[in-house]
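This report concerns only the one structure given below.
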Amino acid sequence: AAVENANIQLGYCFIRSPIDGRTGNLLVKRGNVIKANDIDLVTINQINPIYVAFSVPEQNLPEIKKYMAGGPLKVEALPPNDTSGAEQGVLSFIDNTVDKTTGTILLKGTFTNKERRLWPGQFVNVVLTLTTQPDAIIVPSQAVQTGQQGQYIFVVKSDLTVELRPVVVNRILNNESIIDKGLQNGEKVVTDGQLQLVPGAKVEVKGSSSSSEKGS
């Protein structure tokens, strides 16, 4: 019993971290007087893997859950002013409640972080990819106009006259609109001067862009 008690007491002479990580600044130095539960000795942050926390609006949650049921979702994290490309990870956590004060829900992505580009406490730009839409028709958002009958686009025909074409916009991202219906691949659209146009009006092509034309 005495030997066992001595082994227990000996174990109190060592402090072992439950995780592998990197230690920060020592908060207690040799010679300091402390007592149990008095102060943290040191903070250890896990680097490999590392977790990136971010929030999304609650209205996006059903779509996230839908695509997450089909497999892991890809998360990209890019430190500001870093030109080496984004770190790749997967979505690993969805919080169990929505923050009522902000209307957002907390998510976390797990990154292997082999090169240690991501650092604890660092702010990063995060992109969560739910799915990909191949062969999508994309036009500059300024080409899409809204009228009494809904959204429409002026399409430039081969004789440089315009046609008013009703369209269905799927979503808008980075000033680009994804068109579900109403436009074919390769068609030219008017991106400026729509207020001066009527169906059948002649237009003048400005510049060499094949995806955006100016109306006059």
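The values are calculated or read from the model by the stated rules, or taken from the named source; none is laboratory data. Predicted, not measured: the structure shown is a model, and the values here were computed from it. Quick reminder, even Gly has a Cβ in these numbers, built from the backbone with ideal geometry, and neighbours come from all protein chains shown. All accessible areas refer to the heavy atoms of the entire protein, side chains included, with ligands and DNA or RNA removed. Shrake-Rupley method; radii C 1.70, N 1.55, O 1.52, S 1.80 Å.
In the stretch 65-91, the residues that are assigned to a loop (DSSP other than H, G, I, E, B) reach residues that are surrounded by 15 or more Cβ atoms within 10 Å (Cβ to Cβ) and among the β-branched types (Val, Ile, Thr) with C-beta atoms within less than 6 angstrom, at least six apart or across chains, in these pairs: Pro79/Val124. Can you go through Ser158, Ser141 and tell me which one is open to solvent by 50 Å² or more (accessible area, probe 1.4 Å) and farther than 27 Å from Gln88 by Cα? Ser158 is the lone residue from the list that is open to solvent by 50 Å² or more (accessible area, probe 1.4 Å) and farther than 27 Å from Gln88 by Cα.
Taken together, the residues in the stretch 162-178 that are part of a strand (DSSP E or B) and farther than 21 Å from Val203 by Cα amount to 9.
If you scan the stretch 103-115, which residues turn out to be of a type in the set (S, T, N, Q) and open to solvent by less than 40 Å² (accessible area, probe 1.4 Å)? It would help to see each step written out before you state the result.
Taking the stretch 103-115 and keeping what is of a type in the set (S, T, N, Q), we get 104, 110, 112-113.
Thr104, Thr110, Asn113 - these are the residues of the stretch 103-115 that are of a type in the set (S, T, N, Q) and open to solvent by less than 40 Å² (accessible area, probe 1.4 Å).
Of all residues in the stretch 149-161, none satisfies being more than 16 Å from Val56 (Cα to Cα), touching a residue at least 24 places away in the same chain (Cβ under 8 Å) and either under 19 Å from the mean Cα position of the chain (by Cα) or assigned to a helix (DSSP H, G or I) (or both).
Closer than 25 Å to Leu173 by Cβ and open to solvent by 80 Å² or more (accessible area, probe 1.4 Å): is that true of Glu58 in this structure? So Glu58 passes the test.
Considering only residues in the stretch 179-196 that are in contact with a strand residue (DSSP E or B) (Cβ under 7 Å, 6 or more places away or on another chain) and either outside any strand (DSSP E or B) or among the hydroxyl-bearing types (Ser, Thr, Tyr) (or both), the one that is surrounded by the fewest Cβ atoms within 10 Å (Cβ to Cβ) turns out to be Asn185.
Confirm whether Leu118 is aliphatic (A, V, I, L, M), open to solvent by less than 50 Å² (accessible area, probe 1.4 Å) and in a loop (DSSP other than H, G, I, E, B). Reasoning before the result, please.
Numbers: aliphatic (A, V, I, L, M): yes; open to solvent by less than 50 Å² (accessible area, probe 1.4 Å): yes; in a loop (DSSP other than H, G, I, E, B): yes.
Yes, satisfied.
Inspection of the stretch 11-26 identifies at least one residue that is over 30 Å from Gln133 (Cα atoms) and in a helix (DSSP H, G or I).
Here's the yes/no breakdown for (1) exposed (fewer than 11 other Cβ atoms within 10 Å of the Cβ); (2) at pLDDT 95 or above; (3) farther than 30 Å from Tyr12 by Cα; (4) acidic (Asp, Glu):
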{"site": "Lys35", "(1), (2), (3), (4)": "yes, no, no, no"}
{"site": "Asn45", "(1), (2), (3), (4)": "no, no, no, no"}
{"site": "Phe54", "(1), (2), (3), (4)": "no, yes, yes, no"}
{"site": "Gly85", "(1), (2), (3), (4)": "yes, no, yes, no"}
